[in-house]
Structures are given as C-alpha cells and as structure tokens.
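One structure below.
The values are calculated or read from the model by the stated rules, or taken from the named source; none is laboratory data. What you see is a predicted model, and the numbers here were worked out from it, not measured in a lab. No Cβ is skipped: glycine too gets one built from the backbone with ideal geometry, and neighbour counts run over all protein chains shown. For accessibility, only protein heavy atoms count, side chains too; no ligands or nucleic acids. Shrake-Rupley method; radii C 1.70, N 1.55, O 1.52, S 1.80 Å.
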Amino acid sequence: AGRKQRAAARRKAFSLFVKAKEVPAASRCPGGGEGVRWRCCRQAFEELPGIHRHVALHHSGDVGRQAGLGVGPAEAAGSPAGSAARPSGHSCGSPEISWTLPDTSHISQEDLTSQVGDVLLYYCYCEVRDPEKLCAWQKALCQHLHLTGKVRVASEGINGTVGGSKVATSLYIKVMLSQPLFKNILCQEDFKSSAGGAHCFPDLRVGVFKEIVPMGIDPKIVSYKETGIHLSPQEFHREVEQYLSQATQGQSDTILLDCRNFYESKIGHFQGCLAPDIRKFSYFPSYVDENLELFKDKRVLMYCTGGIRCERGSAYLRSKAVCREVYQLKGGIHKYLEEFPDGFYRGKLFVFDDRYAICSNEDIISACRYCGVLWDQYKLCSSQHCRQLVLTCPSCCNKGLTACCPVCQEKELKVTSRASGQILKEECECTRRRPKVPIEHVSPRMLETGK
C-alpha cells in the first residue's frame, strides 16, 4: 500500500511539473492545434515523450522535491503520466533499474546522427520484475541517441537490434553495460556489430512482450535456464569439421540443425545442415514434436543468427528427452563469421532490417525465383496485398517479374491504386500451399552424406 501511495504521489508531482510548463492553446502555433505544446529551458516540445525525456534528463530533482519523496523522479518522467506504477528491479535484493542516459552535450549533432554507423544485435536473458519500466528507459535511451530499430522487453530479459552512428552505438553499449540490471550478465562480446546505421530501419519500436523471441511457448514452461551447452565459434567450428568428416564416411551420429526460417537458410547456411522448411520460429516446437524420431539418440548442433533462438529452441528440444546431447553456437552465425568468414558457413547471412542480408564470403547458394540464375538479394513482393520476400534477378525485374509467385503477379496487375492504409494483407498463394510444419523424410544415409 505504501509503494502504491508513493507511486501515485510521484505521478501527481510529475503531472503538475509538466502542466506548469504547458503552453496555453491560444499561444501555440496556428494550424489545427499542431506545433509547440510545452516549453522548458528555452526548448520547445510538440510530443509528450519529448517533454518526458527532457524532465528525466534535466529535472530529476524537481519532481522528487515536489512529491516530497527521496526518490529519483526520472522514474515518473520515464513512463506516461497516469500509467500504473510497478515494482522495480528484476529479483528480490537486486539493483534498481537505472534511468541514466549518457551526456551527449560534448558530441556534435553531425557525429551523433551520421549515416555512417553500425547495426547492433544483442540479447540478455535475466529476470525482470518491471518490464514496463525497462521498456520506458530503453525507449528514452534510443531516442536520446537517435537510434532506430526494434527492442523487445519481457519478464525474461531484453532482445534488440538497433542502428545508428558509430558514436551513438558505442555509447549505447557503454550505457547498457553499466545498467545494474544487466551487470555481470551482459558483456561487450554479447553485442554483434555490422556496418549500417539508423537508415537500416524505418523507425524505432520498443515494446513489452511475453517472450523476447516469439517461440509461442510460455517462458515459465520452457525456460532459457534449461538451454543446451554453449560452444564458442572455435569449438563449434571443430565440431562441424568433425561432423562433416564423419558424415562422408557414413559414421556420423550428429545433426547440424538450423533454427531459422526457410527464407533465411535459403540464402546462407552451414554445409551439411538440416534446415527446417518453416516460415516462423513459433512453428519450431511443432516441428520438433512432429519429427521426434529424427532426433532420437542424436547429438544435435544448433545454430541461428545471433544465438537467441537457440536459447529457447535448445531448451525445448532438451525437454523432450530424446537427444543424447544438445549443443548451440554461442553468439550465433554473427560471431562465427567474425572468426571464420571463409569457414563452413556459405552464402549470405539474413538480417531483419532493410539490408536483408550481410556478406562474409562470395558464395551464392540460392537462385532467382523465375529464371534460376544464381541470385541471393531479396526484395519485397511487389503485390501490395502480399509483401513476402522474393528472389528475382535484375533481368527478371526488368521483365516485370517482381512478385513472389504467379498468383501474386496476376493480382499485382489488377491492383493499380488504393488509398494509403486501406491495403489488406492477405496470405500469399505460395505461402498458403506451404506445409506449416513439414514432416522430414530424411534417411540416415542422407544425413551421413551431409545433404
């Protein structure tokens, strides 16, 4: 009861603080109520998140004093006024979620917003008792550093891929490592970096979800704490080398399992892998259930893009108690390619941003959807009702073959124009005909020969 009263007092104090600086409607910029809504410290703010962030950064003492509490008011500033307060921290006796944002006053706007930068990929599994609070801080941090991308927060941790300038991404890593919630859990090596920037994402999306990677299984039922054995890129490389050597001799008892979706493994994968023909990771548990006999008494080497899908995927596979051993590549393909750019992974690495793929070797292992020429650069299906990914080479594009299948191509010719926001997303014909969960008819001999 005392905690609720203090939270209510903080919310009221913050509300009073902001309203005291709100510009009267009569003095705002003309034109339908748009323009300046709040003024503070000689700055103008049009949106509520902007004034929230400003108060959190520069007036952390004011709100607390108005509330008569000896607590950090940035907590109130970070969440929308009127939202329900929740306990902070991630476990009993654990540190509070810090609201610290880096000082960028010494950094030029040009350096902070430069188009030449990086895309960071990371995750951290840990107990979070207040996901909403962590989400609010994370959003404020990304906006402060002009980062775009996607961040998922849940009671089981955080998963993010963000892009920005080199200065901004470097600061982001530094602040994340100093966050008490992640102390002694998250480290510098957990951040995978590739060339890119804020332009690789259309916007910033930060939200609270049940899972930080959507497998569709309650984290309380299958926990990341039951994961497989982690192998470093060097250890994984040796295991794959041994597996391929034994497979050619017909002696392998190992399955090299790709945990990604079919369109990811289509343009790049490890030699000799088993790549499930599934469209979403949430289909992976059903895939395992339908193919349990395949994994019986096998050693399984699992891998994915950055390692996160293997955390829950290996835990689910282990929960079935059919495999002899389950291993996973720590840091995923991202980290492996840093050590072995010309190793056993061939082709492109699919990424979930506007780049679609990043390259470490010159191999092209996929083909154009229409003519069959070697091609691995994805584009969105041109049919507005579909928007699936399609591999279509420049020659076929010039012929107008820009949809993912003939049915979509025909629909695209009929759909000439529609009002923005009125397009209904339909399931593509080629997607509808694809089995949701494929049953593998893989003979031992096929696995042994690495096919």
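For the reader, a short list of remarks on this structure follows.
- Dipole of the stretch 202-263, positive end: most advanced residue of Ala247, Met215, His230 [Cβ charges, Cα centre]: Met215
- Its residue count N fixes a reference of 2.2 N^0.38 Å for the stretch 166-309, and the Cα radius of gyration divided by that reference is 1.24.
- Per-residue extension of 0.36 nm, minus the Cα-Cα distance of Lys166 and Glu362, leaves a gain of 67.9 nm for this segment.
- Gained length - Ile439 relative to Asp218, 0.36 nm times residue gap less alpha-carbon distance: 77.1 nm
- Global size of the stretch 229-366 as Cα Rg and Dmax, reported in angstrom: 14.1, 42
- Of all accessible heavy-atom area on the stretch 158-200, the percent that carbon and sulfur account for (1.4 Å): 55 percent
- Within the accessible area of the stretch 367-414 (1.4 Å probe), percent carbon and sulfur: 55 percent
- Longest to shortest principal axis, alpha-carbon extents of the stretch 108-198, angstrom: 37, 25, 19
- The 1.4 Å probe gives accessible areas that order Thr248, Thr254, largest first, as Thr248, Thr254.
- Phi-based couplings in Hz for the stretch 171-185 (Karplus 6.51, -1.76, 1.60; Gly and Pro marked x): 5, 4, 4, 4, 5, 4, 6, 8, 5, x, 4, 9, 4, 6, 10
- Label separation (Asp297 vs Phe209): 3.9 nm, computed from points 7 Å beyond Cα along the C-beta direction.
- Label-point separation, Leu374 to Gln234 (7 Å along Cα→Cβ), nm: 3.3 nm
- Calculated FRET efficiency, Gln188 to Lys320, Cβ-Cβ distance, R0 = 25 Å: about 0.10 to the nearest 0.05.
- With 32 Å as the limit, the listed pairs Lys139/Lys399; Lys192/Lys225; Lys210/Lys320; Lys133/Lys348; Lys192/Lys399 have Lys139/Lys399; Lys133/Lys348; Lys192/Lys399 beyond it between alpha carbons.
- Test item: Cα-centred dipole of the stretch 367-414, Lys/Arg +1 and Asp/Glu -1 on Cβ, debye: 100 debye
- In this structure Ser178 has an accessible area near 80 Å², from a 1.4 Å probe over the protein heavy atoms.
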